[in-house]
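> One structure follows; several queries about it will come next.
Please treat every number below as a calculation from the coordinates, not as lab data. Remember, it's a predicted structure, so these values are computed and weren't measured experimentally. Neighbour counts are summed over all protein chains in view; Cβ atoms, including those assigned to glycine, are modelled from backbone coordinates with ideal geometry.
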Amino acid sequence: MNGVPVMLRGVNRHDFNTDLGRALSYDAMLDDILLMKRHNVNAVRTSHYPNDSRFYELCDQYGLYVVAEADLETHGFGYEKGSMPASWPEWEDAFVDRMTRMVEALKNHASIIIWSLGNEAGYDINHQKMMEWTRQRDPSRPIHYERETDYQEVDFISPMYATPERCREMLDQFPKDKPFFLCEYAHAMGNGPGGLEDYWQMFYAHSRMQGGFVWEWCDHGIRTATPDGKPFFAYGGDFGEYPHDGNFITDGLVFPDKTPSPGLLELKKVLAPVRLEALDLKKGLVKITNHYDFLSLAHLHITWSLSENGKPLQSGTLPPQELLAKQSATLKIPFRLPSVPTPGAEYFLNISFLLGTDTLWARCGHEIAWGQFQVPCKNKARERHSACSAETSYQEDNEKIFLYNSDVLVEFDKGLGTITALERAGRPLLLRGPKLNLWRAPTDNDRGGGSYSFETIWKKAGYDHLTERVDDIAFSHDGNSGAVQIDVLTRVAPPILRTGIACQYSYTFFPDGTLHVKLQGTPDANMPHFPRLGVQLLLPEDLATVIWYGLGPGESYPDSRTAQRVGLYKTGVDQLYTRYVFPQENGNRSEVRRVAFHDLHQAGLLFAADPLLNFSAHRFSPEELTAAKHPHELRERDDIVLHLDAKQCGLGSGSCGPQPPEQYRIPAEPFAFSFLCKPLVPGELNDASFFSLI
C-alpha cells in the first residue's frame, strides 16, 4: 500500500445474522465492523461473493482492507481439468460476467486492495479469461486465487490451511518475487483455533509474509427454541432438511449472536500491533515493537502496574511514544520491588497500550495491546506451618479406612481405591476422588480428520471407557509428623484392549487436615497420546464459587493462551462454562498455582499445585458433554465435576486444517504430578489466607 508492505490481520466473513439469516441490516454490518476493529482486525475477505454495497462504504469509512471476491464456487465438480465449468468454453461468458459485474460495481471503493476470482472452483482457461479482463480494466489492483496452485499467473502465493512449516517450504518452492498470505487458516470451529501465535511468529519472521484471513468470522447458528421454550442455536439438520453440513457451519470467531468467543479474544492479542519483550526486568527495561504499517505509537497512552500475587502494588503512566511504524525501542518502567518481598510471592509487571482519544470505532481508553512479565525476585520460599499438633487417628475394616482429627473426617474406600467422603466440622466437602482421568469431550477440532482424527484415535485406544482395578493398598503411620499415608497400586485400562497404565496413588493426611496427593503412572508401550492427563473429583453442588491464581480470566489451552494474564480471579462455577453451539471440552484454566471452591459461607476446599496445574469445573461430566449435540440437551448434575490436570492436549484447527503439532500433544509416557488439598471452615478463607493456608 503506497509502496509499504502491509500485514493483513484478516478474517473471512459471510453475510449472516442469527435472526435475519442473510438479510443484513445496516446496523448489523456496522456491528461486525466495530467488533473487528476493536479486536485488531484490519482486513476482511468477502467470502465468497460480493456484499451489500453499504458494507464496502463502511469499510472505506472505518478503515478495513478488503479482498473483494467474485461469486464463483464450484468445488462440487472437483478440480480435474476438463470435468469442471472452469474448463468448458460455454461457461466462459458466465465466469467473466461474474468478475465484470463485481469490478464495475466496486472499483471506486478505496478499501478494496485485492480482487479475488472466487473460491474452490478449480483452475483453467475461464479463470485466465477473468484475469485478462480484470487486469485490462483495473491494472491498479493485484489478483488472488488460491486454486492456481502453481502461483505463476496470480499475484500472490495464497494457499489455505497450510501449517507454519508448509508455509515456510512454499516460500522457497514457488516464485520468490511474490508476497505470501493465507487466504484461509486457523479454522475457528468450536473450541479453537489453536496455534495462532505460532502462525504470527512465522509471519513476522519472513519479509514476504503478509499475514492471513482466519476462517471465519461468525457461527451460522439460527436462533430458535425447543417446543418447551428452551432457546438454542440450530445448525444443519435441526429443521429436518437434507442435505446439510451439520454443525460445520458453526465455525466462527463470534457466536451466532455476535458475542466474542474465546478464539476472538486470543486473536485480538495475537494481532496486537504492539509487541513487548523483556530485556532486563530488574532494571525495568522492555523492548517494544511497533507493528503498525503506517502509524506511530503517539496515539496510544501507556499504563503500567506491578502486582504481588495478583494484587496491584504500584501503578503509573508513561508518555506516548513517537515510535515510527515497524520500528523498535527500549521502554523503561519505573517500578520498584518491595525492599522485603513477601515470602513465596510472585511479582508481575503489567503494561497496557490504550487509545488516547475517541475514534469512530472505540472510545478513549480502549486497550489495543498489553504485555505481562514475571519479575525476578530473590524472596524466601513461604514456610508451611501446621496449626495442629495432634496426630491423625484412624480406623480400618475390610472395606474402609477412616481418618479423623478434631474436626476432619476422611472415608477411604479400599475397593475403589479412593476417597468417598471428606468432611470438616460435619460439612461434606468432597464426594469422591481423585481418580485418574484421560478423557475430554472431543472438540470440533478433535473430531476433524476422519479416520485420523484425534477423537477416532482416542476412542480406538479406549480412553473414553477406562476402568480401574485396585491391586494393592499399603497403610502407614509416621509417629514423628503424625501423618498417615495410604499408597494404592492400580491398573487403569479400557475393556477388551491389552494396553493400560500402572498407577500409584500416594495420599498423605496431615494432622491439620491437609491432604497431599501424588499420582505416578507408567503407560504400556504403543499407546497413543492422551486427550488430557489429570484426576477427576466430585464436589458438593453448592461449592459453586471459585477463586484461583493463575492464567485468566478466560479459558486457555497449550496453544491458545496468549490472551490470558496471571492474576487472582473470582467467579461462579457456572461462569467457567463456555456454551459452544455444539457441546465439547471447554473452560480449562491453565498455569494455576492454587484454586479454591467454597459455598456461601466460605466453607470449601483449597488446592495448591506443585508447581502448576490446569483446572476445569462443570455441572456435566466429559461423557455427558460428549453425548450431547446441543447445550439444552445437557442436564445439570447434583454435584460439581472438577478436573485437576497436569496437562491438556492443544486445540489446533483440525476441523478443517492442521491438528496440534507434537509439542502440544501429551505423549503416553511415564508421568508424575501432585497437589495439596485443605478443607476450609466458614470464615477461614480470604484474599490473604488463600495464599497462606497451605
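> Find how many whole Å separate the alpha carbon centroid of the stretch 280-297 from the alpha carbon centroid of the stretch 516-541.
Each part's Cα centre sits 42 Å from the other's.
> What residues have an amide H closer than 5 Å to that of HIS529, excluding those fewer than 5 places away on the same chain, when H is modeled at 1.01 Å from N in the peptide plane?
Amide H to amide H, under 5 Å and 5 or more residues apart or across chains, HIS529 pairs with ALA668.
> Another question, if that's okay. Assuming R0 = 60 Å, can you tell me the calculated FRET efficiency for the pair SER83 and GLU396, based on Cβ-Cβ distance, to the nearest 0.05? Intermediate results must be reported in sequence, preceding the final value.
Working: r = 76 Å, r/R0 = 1.27.
About 0.20, to the nearest 0.05.
> Right, next: For the stretch 122-181 and the stretch 45-115, what is the centre-to-centre distance using only Cα atoms, to the nearest Å?
15
> What does the C-alpha gyration tensor say about the overall shape of the stretch 442-579? Classify as rounded when a/c is under 1.5, otherwise prolate if a/b is larger than b/c, or oblate. Numbers along the way, then the final one.
On the way: a/c = 2.38, a/b = 1.11, b/c = 2.15.
Oblate shape, in that a/c is at least 1.5 and b/c is the bigger or equal ratio.
> Here's something else I'd like to know. In which sequence would SER296, SER83, SER307 go, from the one with the fewest C-beta neighbours within 10 Å to the one with the most? Please list the in-between numbers first.
Working: SER296 15, SER83 12, SER307 22.
The order, fewest Cβ neighbours first, is SER83, SER296, SER307.
> Which entries of LYS459/LYS570; LYS269/LYS332; LYS311/LYS435; LYS258/LYS311; LYS647/LYS678; LYS107/LYS269 have Cα-Cα distances beyond 24 Å here? Working shown, then result.
On the way: LYS459/LYS570 35 Å; LYS269/LYS332 22 Å; LYS311/LYS435 34 Å; LYS258/LYS311 33 Å; LYS647/LYS678 22 Å; LYS107/LYS269 33 Å.
The answer is LYS459/LYS570; LYS311/LYS435; LYS258/LYS311; LYS107/LYS269.
> At 20 Å minimum axial length over the Cα atoms and a Kyte-Doolittle cut of -0.5, report the qualifying DSSP H helices in the chain, or say none. Before the final figure, lay out each step's value.
Values: long enough: 92-106 (21 Å, -0.09).
Within the chain the helices that satisfy the rule are 92-106.
> Compute the separation of the alpha-carbon centres of the stretch 588-619 and the stretch 257-275 and state it in Å as a whole number.
Between the Cα centres of the stretch 588-619 and the stretch 257-275 lies a distance of 26 Å.
> Hey, another quick one. Rounded to the nearest 0.05, what FRET efficiency do MET202 and THR420 give with R0 = 41 Å and r taken as the Cβ-Cβ distance? Could you check? Mind dumping the intermediate values first?
Working: r = 50 Å, r/R0 = 1.23.
So, using R0 = 41 Å, E works out to roughly 0.20.
> Right, here's the next one. Quickly work out the LYS311-to-HIS601 label distance, labels modelled 7 Å from Cα along the C-beta direction, and quote it in nm with one decimal.
Once both label points are built, they end up 2.6 nm from each other.
> Beyond 22 Å, what percent of the Cα pairs of the stretch 1-155 remain?
Values: 5049 of 11935 pairs.
The calculated P(r) of the stretch 1-155 puts 42 percent of pairs beyond 22 Å.
> Sticking with this one: Specify which labelled value, from [x] 2, 11, 17, 20, 18, 14, 9, 5, 2, 1, 1, 0; [y] 3, 15, 24, 26, 20, 10, 3, 0; [z] 3, 13, 22, 23, 19, 12, 6, 2, 1, 0, agrees with P(r) over Cα pairs in 10 Å bins from 0, in percent derived from the coordinates of the model shown.
Comparing each candidate, only [z] matches the computed number.
> Please turn the phi angles of the stretch 113-121 into ³J(HN,Hα) values with the Karplus equation 6.51 cos²θ - 1.76 cosθ + 1.60 (θ = phi - 60°), one per residue in order, whole Hz, x for glycine and proline.
Using θ = phi - 60°, the values come out as 10, 9, 9, 10, 6, x, 8, 6, 10 Hz.
> Against the empirical 2.2 N^0.38 Å scaling, what ratio does the C-alpha Rg of the stretch 179-316 come to?
Normalised Rg, Cα atoms only: 1.45.
> Which length gain, in nm to one decimal place, applies between THR149 and ALA329 when the Cα-Cα distance is subtracted from 0.36 nm times their residue separation?
Values: separation 180, 0.36 × 180 = 64.80 nm, distance 4.01 nm.
The span from THR149 to ALA329 would gain 60.8 nm if fully extended.
> Could you check the simple spin-label distance between GLU120 and GLU165, using points 7 Å along Cα→Cβ, in nm with one decimal?
Here the answer is 2.5 nm between the modelled labels.
> Could you work out how far apart the two model spin labels at ARG363 and ALA94 are, taking each label as a point 7 Å from the Cα in the direction of the beta carbon, and quote it in nm?
5.2
> Dividing the Cα radius of gyration by the Kirkwood radius, what Rg/Rh value follows for the stretch 398-691? Walk me through the numbers before you get to the answer.
Numbers: Rg = 18.8 Å, Rh = 19.7 Å.
Here Rg/Rh amounts to 0.96.
> Can you run the Rg to Rh ratio on the stretch 21-79? Use alpha carbon positions and the Kirkwood inverse-distance Rh.
Details: Rg = 13.1 Å, Rh = 12.6 Å.
Radius of gyration over Kirkwood radius for the stretch 21-79 works out to 1.04.
> Under the classification rounded if a/c is under 1.5, otherwise prolate if a/b is larger than b/c and oblate if not, where does the stretch 586-694 fall, given a ≥ b ≥ c as square roots of the Cα gyration tensor eigenvalues? Write down the numbers at each step before the final one.
Details: a/c = 2.72, a/b = 1.40, b/c = 1.95.
Oblate, because a/c is 1.5 or more while a/b does not exceed b/c.
> Compute the distribution of all C-alpha to C-alpha distances in the stretch 148-188, in bins of 5 Å from 0, and list the percent of pairs in each, rounded to whole numbers.
That works out to 6, 25, 36, 23, 8, 2, 0, in percent per bin.
> Let me ask something additional. Treating each Cα of the stretch 272-374 as an identical point scatterer and ignoring solvent, apply the Debye formula and state log10 I(q)/I(0) at q = 0.17, 0.18 Å⁻¹.
So the normalised log intensities work out to -0.77, -0.85.
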